[in-house]
1. Of the residues Asp226, Asp242, which is of a type outside the set (Phe, Trp, Tyr) and surrounded by 17 or more Cβ atoms within 10 Å (Cβ to Cβ)?
2. So which residues in the range 245-262 are closer than 25 Å to Gly312 by Cα, open to solvent by 60 Å² or more (accessible area, probe 1.4 Å) and either touching a Pro at 6+ places or on another chain (Cβ under 6 Å) or in contact (Cβ under 8 Å) with a residue 12 or more places away in the chain (or both)?
3. Scan the range 17-37 residue by residue and report those that are out of contact with any helix residue (DSSP H, G or I) (no Cβ under 6 Å at 6 or more places or on another chain) and of a type in the set (Gly, Ala, Ser).
4. Tell me, which residue of the range 68-109 that is at pLDDT 85 or above and β-branched (Val, Ile, Thr) is surrounded by the fewest Cβ atoms within 10 Å (Cβ to Cβ)?
5. From the set of residues in the range 201-223 that are closer than 21 Å to Pro113 by Cα, of a type outside the set (S, T, N, Q) and surrounded by fewer than 17 Cβ atoms within 10 Å (Cβ to Cβ), which is modelled with the highest pLDDT?
6. Exactly one condition in (1) modelled with pLDDT under 90; (2) over 23 Å from the mean Cα position of the chain (by Cα) is not met by Asp239; state its number.
7. Give me the pairs: first residue in the range 71-92 and hydroxyl-bearing (Ser, Thr, Tyr), second residue not in a loop (DSSP other than H, G, I, E, B), beta-carbon distance under 7 Å, and six or more apart or on different chains, which are they?
8. Give the range 239-298 a look and list any residue that's polar (S, T, N, Q) and under 19 Å from Tyr157 (Cα atoms), or say none.
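The values are calculated or read from the model by the stated rules, or taken from the named source; none is laboratory data. Since we're looking at a predicted model, the values are computed, not measured. Neighbour counts run over all protein chains shown; Cβ positions are idealised from the backbone, glycine included. Remember, those area values only see protein heavy atoms, side chains included, never the ligands or the DNA or RNA. Shrake-Rupley method; radii C 1.70, N 1.55, O 1.52, S 1.80 Å.
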Amino acid sequence: MYDEKHQLARNRHLNGYQLAKLHTFEIAARQGSFVLAAEELAITPSAVSHRINNLEAELGFKLFQRFHRRIELTPEGERLFWVLKSSLSYLNQEILEIKSQELSGTLTIYSRPSIAQCWLVPKLADFDRQYPAISLNILTGNEMVNFHGAGIDLAIYFDDKTPEKLDCQHLMDESIVPVCSPEYAERHELVGNPANLRRCTLLHDRQAWSYDSDIGEWNTWAKHFDLEFAEGQRAMGFDRSDLAVIAAMNHVGIAMGRKKLVGKRLENNELIAPFPGMEMQCAQRYYISTLSDRQWPKINAFILWLKAMAEGS
């Protein structure tokens, strides 16, 4: 009985020790260098070499051919490396799938800056109350992000076209309407007088739906209502819609506002829409993008929550 227990304990010790050496071998083979493997493992190159030598002795065959300042896998080493690589990949996938079934952990959201600040972030307390075990990371930007490279789980975009190779779902429509401070409207006699826009500074998002849409929102709106701007019309551009709106609140000019993002400010009379009935439905819309293989419960929970918030907007 003693010998059996002793042998089991010894096997557990050897298996654990061999697993550590196999891990060292995988890194050395992947890096193609004992020095680089040592850096990744935070040990010395001689320690890496010692582990590999011991592993080769235990296995009974050589894993590497040693040359001056370089190493190469032997045919046996190449075979073992690919088995290890596929096994680790399978293990990582299993771990990922186990974690994906939980309504917990971290969820990374990418959004256009304006909708994040004006619409999403003010509502997050409700999500946190419903799903306290899910931690959110909110990232913003104007570019189309690489989901894999940036570790993104879900993105919220505003455009009239959707990216390829992603699952996209409609979130909500949008309309645009000129907005300004009550003081600015009074100073320029704007209420009911769109022709007086010629006297104003047009505030706009230069990246409304492309990297340089310039005054595209204003031009689209003006064309819809058969208006023309003055030659040399004053304008001020921003790379975010909410910055144009903040400038309007501070009497800099009149901004092209997105109704979903400026609704509260209109209700609070921080802004007014000086041209009644001149709101225009956008071709662009807000939509949700996810990777097609990431139909995880926590992602689906966030999507359902987003849609519920959109219905209440």
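1. On the way: Asp226 fails: surrounded by 17 or more Cβ atoms within 10 Å (Cβ to Cβ).
Step by step, each of Asp226, Asp242 is checked, and only Asp242 is of a type outside the set (Phe, Trp, Tyr) and surrounded by 17 or more Cβ atoms within 10 Å (Cβ to Cβ).
2. Across the range 245-262, the qualifying residues are Lys259, Lys260.
3. Ala20, Gly32, Ser33
4. Val83
5. Of the residues in the range 201-223, the ones closer than 21 Å to Pro113 by Cα are 202-218.
When the remaining residues are screened for being of a type outside the set (S, T, N, Q), the result is 202-206, 208-209, 211-212, 214-218.
Of the ones still in play, those that are also surrounded by fewer than 17 Cβ atoms within 10 Å (Cβ to Cβ) are 211-212, 214.
Values: Tyr211: 55, Asp212: 58, Asp214: 65.
Only one residue fits best here, namely Asp214.
6. With respect to (1) modelled with pLDDT under 90; (2) over 23 Å from the mean Cα position of the chain (by Cα), Asp239 is out only on (2).
7. So the pair list comes out as Thr74/Phe64; Thr74/Gln65.
8. Filtering the range 239-298 down to residues polar (S, T, N, Q) leaves 241, 250, 268-269, 281, 284, 289-290, 292, 295.
Passing the criteria: Ser241, Gln281, Gln284, Ser289, Thr290, Ser292, Gln295.
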